[in-house]
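Visitor: Following this message is one structure expressed as structure tokens.
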Amino acid sequence: MRQITVFQLSCIGISLFITFLLVFAIASLFLVPDLEDVWKNLWSDEMRFSLKLSMLTGIVSTLMVMVFALPIGYALSRFDFPFKGFVKTILDLPVAFPELVLGLCLLLLFGNTLVGEVFRRLSVDLVFTKQGIVAAQFFTALPYASRILKSTFDYINPRLEFVSRSLGYTQRETFFNVSLPLAKNGILAATVISFARCIGTFGTVLILAGGTYMKTEVLPMTLYLNISYGNMGMALTSGIVLTTVSFIAIFIFEKAEVGI
């Protein structure tokens, strides 16, 4: 039997300690509130509006993220092109950005600028609107999906694609018939994580779309607004819903990651 060293015990002990702290912190969210109050808040007009808006914008944003993240992840994994390192750095930058800073950048971009005017002429107003929620969620979640998909394509042996090309398939046909089926677990993981990020986005949505009651009020905004009002019951209920969504997303991600 292999002897466990002091170093191993230290690493395991620290892991367990932090895990227990997080478990107790998350458990308190479910144990502190009155269940009757939570149930009543779940069926309130505000919560139903917030949940419906979060799900609708989250689904739309996730679909948009995946449409762009797939070619981005594939390009970064398979192709060499000028300024590739710069492109990768810029695409990853929102991961390190505070969400408030990203929201401010988007507000300046889509505000009274040429870009904003172009979008408004197309009847797409992204400042303090529901459309702005989608834009905020999109730019927040895109870097995560792109990184997951790049890693996914990195794990796929390029020789399989070379064989497909040697049999007469075009690059596009190889991508859709070989690369995408092999990347299905990574695509699932990226989709789930993107949806969780979209649902949980707060700072970017607050700055770009605003935190208007029953207008641009998504679940994180419900939590924020009700804490500000002192309505802890509604704030805790929205926190429980967000935690549940995140838990399901991480569970599916872990299952999908096994097959990557």
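Visitor: Would a scan of region 110-117 turn up a residue that is in contact with a Phe, Trp or Tyr (Cβ under 9 Å, 6 or more places away or on another chain), under 23 Å from Ser151 (Cβ atoms) and in a helix (DSSP H, G or I)?
Guide: no
Visitor: Something else about it: How many residues, within region 203-260, are β-branched (Val, Ile, Thr) and open to solvent by less than 50 Å² (accessible area, probe 1.4 Å)?
Guide: Residues that pass the stated criteria total 11.
Visitor: Mind checking which helices (runs of 4 or more DSSP H) fall wholly inside region 146-247 and carry at least 2 residues that are within 26 Å of Leu76 (Cβ to Cβ) and free of Cβ contacts under 8 Å to residues at least 60 places away in the same chain?
Guide: Output list reads 158-166, 171-174, 184-200.
Visitor: Go through region 119-133 and give me each residue that's buried (at least 20 other Cβ atoms within 10 Å of the Cβ) and assigned to a helix (DSSP H, G or I).
Guide: Matches in region 119-133: Gln131, Gly132, Ile133.
Visitor: I need the full set of residues from region 77-118 which are surrounded by 18 or more Cβ atoms within 10 Å (Cβ to Cβ), within 21 Å of Phe153 (Cα to Cα) and either free of Cβ contacts under 8 Å to residues at least 60 places away in the same chain or of a type in the set (A, V, I, L, M, F, W, C) (or both), in order please.
Guide: Listed by number, the list holds a single entry, Leu91.
Visitor: Looking only at residues that are open to solvent by 90 Å² or more (accessible area, probe 1.4 Å) and aromatic (Phe, Trp, Tyr) in region 165-196, which one is farthest from Gly58 (Cα to Cα)?
Guide: Tyr169
Visitor: Now a separate question. Right, Met1: modelled with pLDDT of 90 or more and either under 21 Å from Gln131 (Cβ atoms) or open to solvent by 70 Å² or more (accessible area, probe 1.4 Å) (or both) or not?
Guide: So Met1 does not fit the description; no.
Visitor: Anything in region 145-161 that is aromatic (Phe, Trp, Tyr) and surrounded by fewer than 20 Cβ atoms within 10 Å (Cβ to Cβ)? List them, or say none.
Guide: Tyr155
Visitor: May I ask you to say which residue of Ile14, Ile26 is touching a residue at least 24 places away in the same chain (Cβ under 8 Å) and not assigned by TED's automatic domain parsing to the domain that holds Leu219?
Guide: Ile26
The values are calculated or read from the model by the stated rules, or taken from the named source; none is laboratory data. These figures come from a predicted structure and were not determined experimentally. Positions of Cβ are generated from backbone atoms using ideal geometry, with glycine treated the same way; all protein chains shown enter the neighbour counts. Each accessible area value is taken on the protein alone, full model and side chains, heavy atoms only, with ligands, DNA and RNA left out. Shrake-Rupley method; radii C 1.70, N 1.55, O 1.52, S 1.80 Å.
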